[in-house]
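Below: one structure, written as C-alpha cells.
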Amino acid sequence: MSLIQINKVTKIYDGTAVPVKALNNVDLKIEAGEFTAIVGPSGSGKTTLLNIVGGLDIPTSGNVIIDNVDISTYKPDELVNFRLHHIGFVFQAYNLIPVFTAKENVEFIMLLQGLVKAEREKRATELLNAVGLGDRVNNKPSELSGGQQQRIAVARALASKPSFVLADEPTANLDSATADSLLDLMENLNKEFNMTFVFSTHDQRVISRAHRIITLHDGAVERDELIKQNQ
Amino acid sequence: MLLSLAWRNIWRNKRRSLIIIAAIAVGLLCGLFASAVMFGMGESLINSTIDRDLGHIQIHTKAFEDDKLLTDTIPSVQKVLSDIKSQPNLIGASARLIIEGMISSATSSGGVRITGIIPEDEKKVTSIHNQIVAGSYFENEDANQIVLGLKLAENLGIRERSKVVLSFQGLDGTIIYGAFRVTGIFRTESTMFDRSTVFIQENDILSLLSTEPIYHEIAVRLNSVQNVDTVYANLRKKFDDLSIKSWKELAPELKLMDEMIGLQLNIFLGVILFALLFGITNTMLMSVMERIREFGVLMAVGMKRRKVFSMIILETIILSLVGGVVGMILASITIAYFGFAGINLSAFAAGLSEWGLGTILYPVLPISFYLSITVMILLTAVFSAIYPAIKAIKLKPATAIRTF
Ligand SMILES: Nc1ncnc2c1ncn2[C@@H]1O[C@H](COP(=O)(O)OP(=O)(O)OP(=O)(O)O)[C@@H](O)[C@H]1O
Ligand SMILES: [Mg+2]
C-alpha cells in the first residue's frame, strides 16, 4: 500500500460567481520516503491538492487514503487530530507564532499532542540543532531571517513525528541561496530519517532538486517524472 | 504554556491592550468609589439613627405600639431590665418614659416628644451627650433640667439657661404644667429629631405625674450590629407578651435602604461593566482579525477549535482581570484614603442634615462587594469574548492561510 493514495480527486469551488474546477480527476500515489515536488503555473491547483491531501479541504468527489485510512470518513475533530499526529505542515510564510521563541514554537505542537514538558524540551532542542538553529532557540521569529524562520517551521513540522511533511511553496519568500540551503536541509532529513516530503513550487531551481516532479495544469496531472530513485 | 501564550498575545498590541485595561480600571475606580460613597451614606444614616435614639433593640408593650398612651407602661420593668442585662454583648439598656406634649417659651410654643430618662443609662445607649453644642448633658442632678435640640431652641427663641414650660396630659387626664431650665442644647445630624425631641430626668417627670416609676420604652445597645439577631431572638423568647423590635423593624426605611443600596450598586456596576463589554469585544475582535492567518496555521497543524476558543476566552479574561484588579486596587486605595480623611460635604450640609446625615462622609465598601465585582468582571469577559471567539473558530484553516 502506498503512503498516500489520491483517487480520482476533483475539487470544484462553487462559492464564487462562476464555479472553478481547481482539480480535475487527479489520480496519484505517493510512497513513503519520496522527495516530491508538485509544480505548475499559478492557478494550476497545487495548493488545492496539498490542502486536500493535508485534510484542510475536502474534495468534491474522489477520496484520499493515507496510511490505509480514507480521511474523508473523519469527523472534523478527528481530522484535526489526524493532522496533529500524521502530517507536518510548512507554509509559504508566517508559519510561526510570533510571541513564542523558536523553541516554544516547536514545543507547542508537542504540547497539543500531550507530551510532558521534559520530553518536549528535549525533542525541540534536538530538532532545532538538526535544522542548524541550536544557537537561536530563545529568539522570537521577528529576530530571525526568513530562511531561519522556515527552518523552524520544518523543525516544528517534524516535531509531531508525522508520516509525511507537506510544504506549500516553502521557498517562495526566500532568496535563492537561502532557498537552496532549506532544500539541503529537507533533502538531508529525507535521506537521514526517510521522511517523506511533498512540496509545491514554481521555482525552477527548487524543482531541479526534487526526486519526483508532478506537473499540474488546469487541475489535472500533466506530467509525472521520476528523476531520482529513493535509496 | 497556553496561559503564557494568552498573556503574551495580550501584550502584542500594547497600546490597544493598555487602553482597554485603563478603560476597565477607570470605570471600576469610578463605579466602586461612587458605590463606596453611597454605602458610606447608608452606613452613616443607619449608624447615626441607631446612635441618636434608636439603639439596636427596643421594647414596648404591644398597646403602646398602637396608641402611645401614657398608661401603656411596661409591667415589672425591673425584672425585664435585669433579664436584658444578662444578655451577651450588651453595652447598655435605657428605660424611657415617653409623653407627647407641648413646650412653650416666652415667645413661642410647639409640640414635642418628652423623653424621661436616667441620664447614666441613656448615655450608654445613645450618643446625644456627645453632641451637645451648648451647656451640658445632665452634669448634675439638679431638678427640672431640660436638654433639647438646637433647632427647637432656635424655633422657640431660647438659649442655654432659658426657662421653658412643658405641658402634657397627666394620668388622670388633667393637664400638667412644669417649668424647666435649659441646661443643654444638642445638635444631631437630623434636624427633624432636633426639632421634636426633648430630654428630662425621669425623677422630675415622675414627681409631676406623682406616680411610682413607669416606663414605656427600653432601648438596648449592643457592642455590634452583628450581634443584634441573637439577642433579639433571646428577648423575643423571654418576653412574648411584649413587643421586641430590632432597628430594622423600628426603622424599616433604613432596612429597606440598606438592601436597596446593595442592589442598586450591583446594578450600577453591572451597567458600567455592560458598557465596557462593548469595548472589550471590540478590542478582542480587532485582535482576532489581525491573527486570522495565525489561527489558520494553528488549526491546520492540529489545534482544536475548542482550544482556540478557550484561548481567546482566556486572553479576554486575563485582559479584563488585569484592568479589574488595577481598578479595584486604585478604588480600595481611594476609598481607604477618603474613608480615613472623610469627604467634607458641608457645602451641601443643610440639605443633608434634614435626612439625618453628617457633614463628613466616610466612604466604605464591604469586602463582599469586591468579590461580587470580580465575578461580574469574569462574566463580562466571557460574554465579551464569545463573539470574537466564534469568529475565530468559524475560520477554515485553508481559507485563513490562503487569504491572509
Ligand atoms: N477558496 C477558493 N474559492 C474559489 N476559487 C478558488 C479558491 N481557492 C482557489 N481557487 C481557485 O482554484 C484554482 C487553483 O488554485 P490554487 O491556489 O490551488 O492554485 P496554485 O497552483 O496553488 O496557484 P499558485 O501557484 O498561485 O499558488 C485557481 O483558479 C484559484 O483561483
Ligand atoms: Mg498555491
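For the stretch B:233-271, a tally of residues being of a type outside the set (G, A, S) and open to solvent by less than 40 Å² (accessible area, probe 1.4 Å) returns 9. Residues in the stretch A:16-28 that are open to solvent by 20 Å² or more (accessible area, probe 1.4 Å) and within 14 Å of chain B (Cβ to nearest Cβ) were compared, and the one that is farthest from ligand 2 (Cβ to nearest atom) is A:T16.
Just one of the listed residues (B:F404, B:F348) is within 16 Å of ligand 2 (Cβ to nearest atom), at pLDDT below 95 and surrounded by fewer than 21 Cβ atoms within 10 Å (Cβ to Cβ), and it is B:F404. Scanning the stretch B:103-125 for residues that are under 27 Å from the mean Cα position of the chain (by Cα) and more than 20 Å from B:T73 (Cβ to Cβ) gives B:K123, B:K124.
Annotation: A:L49 fulfils all but one of (1) open to solvent by 10 Å² or more (accessible area, probe 1.4 Å); (2) within 15 Å of ligand 1 (Cβ to nearest atom); (3) within 18 Å of the chain's Cα centre (by Cα); the unmet one is (1). Of all residues in the stretch A:94-114, those satisfying the criterion of being assigned to a loop (DSSP other than H, G, I, E, B) and within 9 Å of chain B (Cβ to nearest Cβ) are A:Y94, A:N95, A:L96, A:I97, A:P98, A:V99, A:F100. If the condition is being touching a helix residue (DSSP H, G or I) at 6+ places or on another chain (Cβ under 9 Å) and either outside the structural domain of B:G40 (by TED's automatic domain parsing) or surrounded by fewer than 24 Cβ atoms within 10 Å (Cβ to Cβ) (or both), then the stretch B:320-337 contributes B:L321, B:V322, B:V325, B:V326, B:M328, B:I329, B:L330, B:S332, B:T334, B:I335.
Is it true that some residue in the stretch A:110-125 is free of Cβ contacts under 8 Å to residues at least 24 places away in the same chain, β-branched (V, I, T) and under 30 Å from A:A22 (Cα atoms)? There is no residue in the stretch A:110-125 that is free of Cβ contacts under 8 Å to residues at least 24 places away in the same chain, β-branched (V, I, T) and under 30 Å from A:A22 (Cα atoms). Scanning the stretch A:115-129 finds no residues that are within 20 Å of the chain's Cα centre (by Cα) and either within 19 Å of B:R291 (Cα to Cα) or surrounded by fewer than 17 Cβ atoms within 10 Å (Cβ to Cβ) (or both). State yes or no: is A:V198 part of a strand (DSSP E or B), open to solvent by less than 10 Å² (accessible area, probe 1.4 Å) and away from ligand 2 (no atom under 16 Å from the Cβ)? So A:V198 does not fit the description; no. Residue count for the stretch A:29-38 under the criterion of being open to solvent by 10 Å² or more (accessible area, probe 1.4 Å) and more than 9 Å from A:V198 (Cα to Cα): the result is 3.
When each of A:F82, A:F91 is tested for being aromatic (F, W, Y), under 30 Å from A:Q148 (Cβ atoms), at the interface with chain B (Cβ under 9 Å from one of its Cβ atoms) and within 12 Å of ligand 1 (Cβ to nearest atom), the lone residue that passes is A:F91.
Taking the stretch B:49-70 as the range and being more than 15 Å from B:S94 (Cβ to Cβ) and either touching a Phe, Trp or Tyr at 6+ places or on another chain (Cβ under 9 Å) or assigned to a helix (DSSP H, G or I) (or both) as the test, the residues that pass are B:T49, B:K62, B:A63, B:F64, B:E65, B:D66, B:D67, B:L70.
The values are calculated or read from the model by the stated rules, or taken from the named source; none is laboratory data. Owing to the predicted nature of the structure, the values given are computational and were not obtained by experimental measurement. Positions of Cβ are backbone-derived with ideal geometry, glycine not excepted, and every protein chain shown enters the neighbour counts. Only protein heavy atoms, including side chains, enter the accessible area calculation; ligands, DNA and RNA are left aside. Shrake-Rupley method; radii C 1.70, N 1.55, O 1.52, S 1.80 Å.
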